[in-house]
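Where a number appears in this text, it was derived from the coordinates with a stated rule and is not lab data. None of these values were measured; they are calculated from a predicted model. Using ideal geometry, Cβ is built from the backbone for each residue, glycine included, and neighbour counts are taken over all protein chains shown.
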Amino acid sequence: MKIVAVREVEDCFDNTVSRDVVFDQPTDLEFIVSLGSLGRLRYYHNLARPFWRLQVEDLFSLKGIQRNNVARLVFKKGHYAESIEMLVDAVNRFSREHQPVPQKLAEELS
Amino acid sequence: MSNMADMTSRAPAAPVGIYLNNAATSFPKPPEVLEAVQQALEQPLAEQERVGEDSIGIGIRSTCRQAVANLVNAKNANEIVLTSGATASLNLALLGANILDSHVITTAVEHNSVVRPLHHLLNSKKIRLSTVGCDSTGWVDPDDIKAAMTGDTRLIVITYSSNVTARVQEIAEICRIAHEADCSVLVDAAQAAGLIEIDVQQLDVDMLALTGHKSLYGIPGAGALYLRKGLELEPLLHGGTGAMGQSLTQPRRRPFRYEAGTANLPGFAAMEAGIRFVQNTGIATIRKREDQLLKALAEGLEDIEGVTLLGYDRDCEHLPILNFHLDDLDPDDVGYVLQNSFGITVRSGIHCAPLIHKHIGSHPYGSVRVSPSFFTSFDEIEEFLSAIRQMCGARVEM
């Protein structure tokens, strides 16, 4: 998994900026769960296409739909470099380690 | 009901997904609007717009101007200025009005198309400004406007119906109060045009801004300003008008005075066709259907645990716009999930109306706004409600 593009997104809020982060492949549960190491991860499993949202306190949030290859990054003004660096590190770490989802969690979410 | 089904089935097939963001721009458009745009583009535009020394003609602009005049019951088509939309109309009215060094009143329910030009004038120290509050449904009490008036209040600016709560304001009463004090009234009818029978003479409005691309079913880039005969504005644009070309300055005659530059003729053709669609269908018929859709939306959402309606009171008059939030998800997340997981387009956030949210309980994150159109089906409303039901209580914390 790697980030291949970051696109600007229009939004209405004055203190935050949004970008769409494009991955080279669809986001699967394994990848989404791995992002939980960065902050608080919420996973809305009961939807036609599950939604997930990562909140990294005081820095950024990242949200997406499982199996999409795009996620929405919302960061505080002036914190883009720090946010994207943290995200790139997490993506690279996932690619290296490729941790499988714990069996118990996979059963709970299936 | 079968007649209604016939009418709504005339809408062109929508692409995949459900569109519930008609308060921003209506979709789909009636066939006559699409045909009007195509016809306008099928021959050289200049040939379709022969403007003479008098403004009476059969060109696209003249026809559109007359259609808008009929829609709002203006006495004369020359009381209509064609613009690029409600924002342009409001900017012309606010920046062109003779209100320098005077007091202006506006309200907390306004869109940024009113808020920003007024704050530009305020920050340039050209006007003094009072902003009157509203109740939890976005209703502005005319008595509060009266109380805010000072000896030199020259203009009251208010929306006919908020783009957030869609509560309908008491425009006639506000005009009465204003005119008692020799003050003018500018009404933003961007949401109202096409859903309310507007009669500028009966309301006694001085200026009224509207746009073609919402409930008039036109395309973006075309709008109008009703400017009562006798009221004059300073034009914001100076340039070619297609008439009186020898004059080195902007002609004083309407409509040329306010319509410099090459016009968006496909846009005005679309607006005229949209108005024709609205009038042939009947505003009462359109409104009745959309009220039924609003009722279905409101009742459906009220039945879902975890949903809170915002700014809505079933006993008050609202246009078909509904706002809500979910206990468990930010409005922005709700919009994102609806779009990306269910293919349903709504609008989330503050809706370019920054002041109303403190009054309706949606500050600072705003709300999720759902706005059907005449072409929305009840099945689509049910699908939307089903998506919201799924979203409530679907979370797992990791």
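Things to note:
- Computed over the protein assembly as shown, the range of Cα coordinates on each principal axis works out to 80, 52, 48 Å, biggest value leading.
- Relative contact order of chain B, defined on C-alpha pairs under 8 angstrom at six or more residues apart (%): 23 percent
- Which of B:Ser26, A:Ser18 has the fewest Cβ neighbours within 10 Å, and the rest in rising order: A:Ser18, B:Ser26
- Cβ-placed point charges (K, R +1; D, E -1), dipole of the protein assembly as shown about Cα centre in debye, nearest 20: 1020 debye
- Seen from all directions on average, the stretch A:1-51 presents a Cα convex hull projection of 4.9 nm².
- Amide proton proximity set for B:Ala23, modelled H, under 5 Å, gap of 5+: B:Ser371
- Spin-label model, B:Asn70 to B:Ser124: label points 7 Å out along the Cα-to-beta-carbon direction sit 3.8 nm apart.
- Chain A - Kirkwood radius from inverse mean 1/r over Cα pairs (Å): 14.3 Å
- Shape annotation for the stretch B:152-295: C-alpha extents along the principal axes are 57, 42, 24 Å, from largest to smallest.
- Long hydrophobic helices in chain B, taken as whole DSSP H segments with a C-alpha length of 15 Å or more on their own axis and mean Kyte-Doolittle hydropathy at least -1.0: B:31-41, B:60-72, B:112-123, B:265-281, B:283-302, B:331-342, B:378-391.
- The ranking of B:Ile304, B:Ile381 from fewest to most other beta carbons within 10 Å of each one's beta carbon is B:Ile304, B:Ile381.
- Using the Cβ-Cβ distance between B:Asp152 and B:Arg176 with R0 set to 22 Å, the FRET efficiency works out to roughly 0.65.
- Charged side chains reduced to their Cβ positions (Lys and Arg at +1, Asp and Glu at -1) give chain B a dipole of some 1280 debye around its Cα centre.
- Helix A:80-97 and the longest principal axis of the C-alpha atoms of chain A enclose an angle of approximately 20°.
- Ratio Rg/Rh [Cα only; Rh per Kirkwood] for the stretch B:309-369: 0.98
- Over the stretch B:256-398, relative contact order from alpha-carbon pairs under 8 Å, at least 6 apart, %: 24 percent
- Förster radius 30 Å - calculated FRET efficiency between A:Glu108 and A:Ala48 (Cβ-Cβ, nearest 0.05): 0.95
- Dividing the C-alpha radius of gyration of the stretch B:121-185 by 2.2 N^0.38 Å, with N its residue count, gives 1.14.
- Exposure rule at most 11 other beta-carbon atoms within 10 Å, DSSP loop GluC sites (Glu not before Pro): chain B longest free segment: B:54-304
- Rg(Cα)/(2.2 N^0.38 Å) for chain B, N = residue count: 1.00
- Pairs of Cα atoms farther than 15 Å apart, the stretch B:173-240, %: 59 percent
- Distance between the pseudo-spin-label points of A:His98 and B:Thr308 (7 Å out from Cα toward the beta carbon): 4.6 nm.
- Only the Cβ atoms of Lys and Arg (+1) and of Asp and Glu (-1) were treated as charged; on that basis the dipole of the stretch B:285-398 about its Cα centre amounts to roughly 420 debye.
- Taking B:Thr308, B:Thr137 and counting other C-beta atoms within 10 Å, the order from fewest to most: B:Thr308, B:Thr137
- Counted residue by residue at 0.36 nm each, then reduced by the alpha carbon distance between them, the extension gain from B:Glu232 to B:His363 reaches 43.3 nm.
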